[in-house]
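The values are calculated or read from the model by the stated rules, or taken from the named source; none is laboratory data. None of these values were measured; they are calculated from a predicted model. Neighbour counts run over all protein chains shown; Cβ positions are idealised from the backbone, glycine included.
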Amino acid sequence: MKKVLIYKRFERFWHWSQATLIIFLGITGFEVHGSLEIFGFEKAVLYHRIAAYLLIALIMFAIFWHITTGEWRQYIPSFKNLRAQIQYYTKGIFKNEPHPTKKTTLSKLNPLQALTYLMFKVVLIPLVVITGLLYMYHRTIDDNNVVVVSDIDLELIAVLHTLGAFLLIAFLIVHVYMTTTGTTPTSNIKAMLTGYEELEEEEKNDE
Amino acid sequence: MLKGILITLFATVVILIFAKSLYDEGEQNIKLEELKQKYSLRKTPSVDHSRLSELKKNFRTPQDVTEACNSCHTERHKEIMSSSHWNWERVSYVEGRGIRYSGKRNVINNYCIGASSNELACASCHIGFGMTNDEFDFKNARNVDCMVCHDNSEEYIKASALAGYPDRTVNLTKVAQSVGLPNKSNCGACHFYSGGGNNVKHGDLEEALFDCNRDVDVHMASNGMDMVCTDCHTADKHQMLGKLYSVSSENINRSSCEQCHTNTPHQDRIINLHNAKVTCQACHIPIYAKVNATKMEWYWSEAGDLKNSEPYFIEDSMGNHSYLSIKGRFVWKKNVKPDYIWFNGTADHYIIGDTIKTEPLILNPLYGSYEDKDSKLYPVKIHIGDQIYDTKYKMLIQPKLFSVEKGDSGFWGDFNWKLACEAGMRIVGLPFSGEYGFVKTEMYWPVNHMVSPKEQAVTCNECHTRNNGRLVNVTGFYLPSRDKNNFVDILGILAIVFSILGVIAHGGIRTYLAIKNKRININF
């Protein structure tokens, strides 16, 4: 075993600020939805908007980072070990069997993770961001009496946005739980905090 | 290197977004300050009428005063005689009816019903002299009453049932010499007392506005801007800006908040955008009838009850009549939260002779809907009650209410509905079958006055709330926080519940097996 830098500084910054923003957006968003009462509707809307713009800015930087560093390749789905990974989580994990895929700096996501995060990035986040922007800019008439977005029914936009929010919460619950399935229950979280994780040494004849 | 640039850039973006939101809050509302400055300037009259020789004489009749006015203002009476204040009707286009004349002369209201056959009393709010019946000469310039609107001496009053003539005690010379631009008391003398008493009809126009504080009305407050009616209801050639939807039908020549405040008066963009669908009044008049109560319900069906053959009255806790033998039973309310409706500025009216098609019969349906791009949310006073109608011909009856002496069919003297109906319908030229009943009626009064200070405006969460918000009855559109899609909400909650259960089950089994297989040692 040796300590390896698996999550780089920007990646950790991105992960934790995105997590904070999404949780904050969840709280303020469900207040706008009428499920909670914390800040009051007016402040909830204001905070939700500010946080939304921050999240969009963060996502832009993250996309830039993924492209320039080539890290986007981590999310290319591979169906090779997908079945094995699912079997691990549904059977093997209970028998303390080893992980079917090895975590390396070049391939830090197992096939199930890669697929999940890909869906997260290309379906769920775009869903809430696009419906969120439509929601924000949905109006009959703007300051200059120009019709902007009103052809799409606000109810449809709002309902899809809410659906996205519910799915994000469900994701968050499972995601937090899955961090305990590492080498030790806290090793994954530690890695995301410090960047380092103890990984098995790659055997030379592996390749 | 790259990481450093990225983090610096991101920090800059974060600071910019926060700075923008802080800057928006700190800005001064210059538009409002400019308006305050503009309306602080008092107009000074260019003529002192008390020095005009033409007015230094003893006027025997009010018509003589009018002639004196017209001797200098030679054409003004023509402007008056083409106004609705004089004609009590205007020509307008109404959907389903086409072009037609309507106004006080032929519509029915939900209070004292109508002026027809009761002119002698009702004309105390007509800007003319001598309207004793429906044969008033609308072409006679001598009968224009200049003083009722232009007296600045507070001396002039009209007699209560003298066909629009002034009270006999009025010193006409003094009044003639102190004319000027209309002030609150000129307009208020009629508009605050319509319906037979203070604040009866409107709810937002009443004598408290003569001298009120900012909490009652920010514009007219004595300790505030102290504006008068004509500051907003400006006039060009005696045609007043603004109209009342108890008698008006068209979306033209209206007075609005935007005429001064523009349609982007707030510094907050989101609030400004609300103006596309929400009127200023909807948020800025949280309650009306703030000082004195207004009539909310009026049941004519209960009128006519007598004690020892004499009419009587009952007062409610606020000292208002809750029952009058001559008029029926009333409900008064104070500090009323308005109802809200979609309204595009067009309306129809029940015109004498129309067939009753629905119950309750809406006397002035205000048109509008969420889908209509010209419609906005308006606060309204909804006045409900019942009125006498011909059960055979299915039309409202214009009864003769007022008469000078008993035995002349006037209901207020004789308390005989049948005679009053016969007399009233004969005068308006409509048949009366002899059979009558009472039909439920409603009337809508847009609330436009008694604007509160901004601190008291309706807050976001009074409408954007799940239950019992102000817009609970205004449906047909998606209102964030009030509305939700039950299917998606249940689906979403189930997704969360199953996630939690799944995690607990998976984690529980893992822990259990780990303990069982001694992978975890627990020392109790």
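General observations
- Scanning segment B:250-289 for residues that are under 14 Å from the mean Cα position of the chain (by Cα) and assigned to a loop (DSSP other than H, G, I, E, B) yields a count of 9.
- Here residue B:182 fulfils each of the conditions (1) in a loop (DSSP other than H, G, I, E, B); (2) outside the structural domain of residue B:155 (by TED's automatic domain parsing) apart from (2).
- Of the set (1) crowded, with 17+ Cβ neighbours inside 10 Å; (2) in contact (Cβ under 8 Å) with a residue 40 or more places away in the chain; (3) closer than 29 Å to residue B:511 by Cα, all apply to residue A:65 but (3).
- Every condition in (1) facing chain A (nearest Cβ under 7 Å); (2) assigned to a helix (DSSP H, G or I) holds for residue B:514 except the one numbered (1).
- Contact annotation: residue pairs with Cβ atoms under 6 Å, 6 or more positions apart or on different chains, pairing a residue in segment B:262-273 that is at the interface with another protein chain (Cβ under 10 Å from one of its Cβ atoms) with a partner that is of a type in the set (Val, Ile, Thr), are B:272/B:264.
- Condition check for residue B:458: touching a residue at least 12 places away in the same chain (Cβ under 8 Å), closer than 22 Å to residue A:139 by Cα and not in a strand (DSSP E or B): yes
- Listed by position, the helices (runs of 4 or more DSSP H) contained in segment B:19-113 that have at least 2 residues being in contact with a helix residue (DSSP H, G or I) (Cβ under 9 Å, 6 or more places away or on another chain) and under 28 Å from residue B:220 (Cβ atoms) are B:30-40, B:76-81, B:84-87.
- Condition check for residue A:135: within 10 Å of chain B (Cβ to nearest Cβ), within 30 Å of residue B:262 (Cβ to Cβ) and part of a helix (DSSP H, G or I): yes
- Qualifying residue in segment B:347-354 (condition: in contact with a Phe, Trp or Tyr (Cβ under 6 Å, 6 or more places away or on another chain), away from chain A (no Cβ under 14 Å) and surrounded by 18 or more Cβ atoms within 10 Å (Cβ to Cβ)): yes
- Total residues in segment B:443-469 satisfying the condition of being over 27 Å from residue B:227 (Cβ atoms) and either hydroxyl-bearing (Ser, Thr, Tyr) or away from every other protein chain (no Cβ under 13 Å) (or both): the figure is 2.
- Qualifying residue in segment B:330-348 (condition: of a type in the set (Phe, Trp, Tyr) and under 26 Å from residue B:93 (Cβ atoms)): yes
- The residue list B:481, B:499 contains one member that is facing chain A (nearest Cβ under 9 Å), on the phi > 0 side of the Ramachandran plot and either at pLDDT 95 or above or not in a helix (DSSP H, G or I) (or both), which is B:481.
- Extreme residue, farthest from residue A:185 (Cα to Cα), among residues of segment A:70-103 that are within 14 Å of chain B (Cβ to nearest Cβ) and touching a residue at least 24 places away in the same chain (Cβ under 8 Å): A:71
- A count restricted to segment B:445-472 and to residues that are touching a His at 6+ places or on another chain (Cβ under 9 Å), among the aliphatic types (A, V, I, L, M) and loosely packed, with under 15 Cβ neighbours inside 10 Å stands at 0.
- Filtered by the rule that a residue be away from chain A (no Cβ under 14 Å) and under 25 Å from residue B:449 (Cβ atoms), segment B:371-410 gives B:378, B:379, B:380, B:381, B:382, B:383, B:384, B:385.
Let's see how each residue does on (1) out of contact with any Pro (no Cβ under 7 Å at 6 or more places or on another chain); (2) within 7 Å of chain B (Cβ to nearest Cβ); (3) modelled with pLDDT of 95 or more; (4) within 23 Å of residue B:489 (Cβ to Cβ):
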site: A:23; (1), (2), (3), (4): yes, no, yes, yes
site: A:30; (1), (2), (3), (4): yes, no, yes, yes
site: A:33; (1), (2), (3), (4): yes, yes, yes, yes
site: A:37; (1), (2), (3), (4): yes, no, no, yes
site: A:50; (1), (2), (3), (4): yes, yes, no, no
site: A:61; (1), (2), (3), (4): yes, yes, no, no
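- Any chance residue B:301 is over 30 Å from residue B:29 (Cα atoms), of a type outside the set (A, V, I, L, M, F, W, C) and either free of Cβ contacts under 8 Å to residues at least 40 places away in the same chain or touching a strand residue (DSSP E or B) at 6+ places or on another chain (Cβ under 7 Å) (or both): yes
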